[in-house]
Structures are given as structure tokens and as C-alpha cells.
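Colleague: This is the structure, below, for whatever I ask next.
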Amino acid sequence: MKLSKRDSEWCKSYAKGCGLSDAEVAKVVLSYFDDIVYEVRKLPFANFRRIYTADAVASLAPVYNIPFIGRIGPIYSQYTKWRAEEASGFDSVLRKDVRGKHLAERIEEAAALAMSGHKVSPSMLRNPVPAGEYHRVWLIDANGRRRAARQLFKKTNN
């Protein structure tokens, strides 16, 4: 990162007022912004399979109020708009619809087995979402715990 002419002039005037060298003040300012950029790059928000709650966004990404610049940090409404735009490129289906459809098929198979006199395994009716066909979407709370969201994304074979 490089300071603009206006910022370097501000650093010089601040250094002159505090009795420091220009390079020291510029180094402090640059390291401060580098630290903010480093922290922002560590944020996990760029994953379309996770939805973060407002509390999770606030706990993961603090907001910095910097003089002469203003507020730097994520705003939850902007995150939700970005998340909706990012997810719009995928085929989204409701989790309950997928579960209902595939569970109905498994119930019919189990009923046919039971009617023919075979033993039906109870595991046949568990986890009705077929593996490998859908991406699961997780809702992340402030403590980092995840729970299943109400939507799934269909996997595409590219």
C-alpha cells in the first residue's frame, strides 16, 4: 500500500507536531491499514455454502472508525445483498421439498419390501437427502456453530 500525496502531507504535519520523523509516522499508518486488510482477508464470508447471522458478522469483523476516513468494516445489509447475488447463480431448492420428495420414494420402497415379507431396515428412512446431488447450506451463528439452513444447492456437473 502506498500513501497518497494528501496522506503523506498529513503524516509530515503530524510528525512535525509530535517531534517524530516522517518515516516513523508513515510506517505506523501503513502498518495500521495493513493490519486491517490482513484481518479482512481472513474473513470467511466468501463461501456460498454458508450464511452468517448478523451477530456472527459483528463478532467476526469489527468495524473501525478512522478519523478523516470514516467507518471501515462490513455492514450486514450489504453482506446479505452480496450473498443473495452470489447464490443467484446456483439452483436453490428448499430443504423440506427435497426431503419430502426423496422420503416419499423411500417410504414406497420400504412399504413394497414390507408387503413382500422382507425385513425393512430403520436406516432406510433416515437422511432422505441423497448424498452427492446437493450442496448443503449452513447457517453460522455468533459462536461459530452451524446448523442446516432451509435451502440446498443442486450440484452441477461441469
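The values are calculated or read from the model by the stated rules, or taken from the named source; none is laboratory data. None of the values given here were measured: they were computed from a predicted structure. Virtual Cβ from ideal backbone geometry, glycine too; neighbours counted across all protein chains shown.
Colleague: State yes or no: is Val57 in contact with a helix residue (DSSP H, G or I) (Cβ under 9 Å, 6 or more places away or on another chain), assigned to a helix (DSSP H, G or I), outside the structural domain of Lys154 (by TED's automatic domain parsing) and not small (Gly, Ala, Ser)?
Modeller: no
Colleague: Residue under question is Ser31, and the condition is that it be among the polar types (S, T, N, Q), farther than 30 Å from Arg145 by Cβ and not in a loop (DSSP other than H, G, I, E, B); does it hold?
Modeller: yes
Colleague: Further, regarding this structure: Out of all the residues in the range 92-126, which are of a type in the set (Gly, Ala, Ser) and in a helix (DSSP H, G or I)?
Modeller: Residues satisfying the conditions are Gly100, Ala104, Ala110, Ala111, Ala112, Ala114, Ser123.
Colleague: Would you mind telling me which numbered condition in (1) within 20 Å of Ile72 (Cβ to Cβ); (2) at pLDDT 80 or above; (3) aliphatic (A, V, I, L, M) Ile36 fails?
Modeller: Condition not satisfied by Ile36: (2).
Colleague: Still on this structure: Assess whether Phe48 counts as being of a type in the set (Phe, Trp, Tyr) and not in a helix (DSSP H, G or I).
Modeller: Judged against the criteria, Phe48 is a match.
Colleague: Only residues that are surrounded by fewer than 13 Cβ atoms within 10 Å (Cβ to Cβ) and either in the same structural domain as Asp35 (by TED's automatic domain parsing) or over 18 Å from Gln151 (Cα atoms) (or both): list them for the range 76-93, please.
Modeller: Scanning the range 76-93 gives Ser77, Gln78.
Colleague: So which residues in the range 94-123 are surrounded by fewer than 14 Cβ atoms within 10 Å (Cβ to Cβ), under 20 Å from Phe153 (Cβ atoms) and of a type in the set (A, V, I, L, M, F, W, C)?
Modeller: Leu94
Colleague: Let me ask something else about it. Could you check how many residues of the range 1-26 are under 37 Å from the mean Cα position of the chain (by Cα), among the hydroxyl-bearing types (Ser, Thr, Tyr) and under 16 Å from Ile66 (Cβ atoms)?
Modeller: 1
Colleague: Suppose we filter Ile72, Ile140, Ile66, Ile107 for residues that are in contact with a strand residue (DSSP E or B) (Cβ under 9 Å, 6 or more places away or on another chain), outside the structural domain of Ile36 (by TED's automatic domain parsing) and more than 30 Å from Tyr14 (Cβ to Cβ); which single one remains?
Modeller: It is Ile140.
Colleague: Of all residues in the range 1-42 being closer than 30 Å to Leu60 by Cβ and of a type in the set (Val, Ile, Thr), which is surrounded by the most Cβ atoms within 10 Å (Cβ to Cβ)?
Modeller: Val29
Colleague: Quick one: would you say Ile72 is modelled with pLDDT under 80 and surrounded by 13 or more Cβ atoms within 10 Å (Cβ to Cβ)?
Modeller: When the stated conditions are applied, Ile72 passes them.
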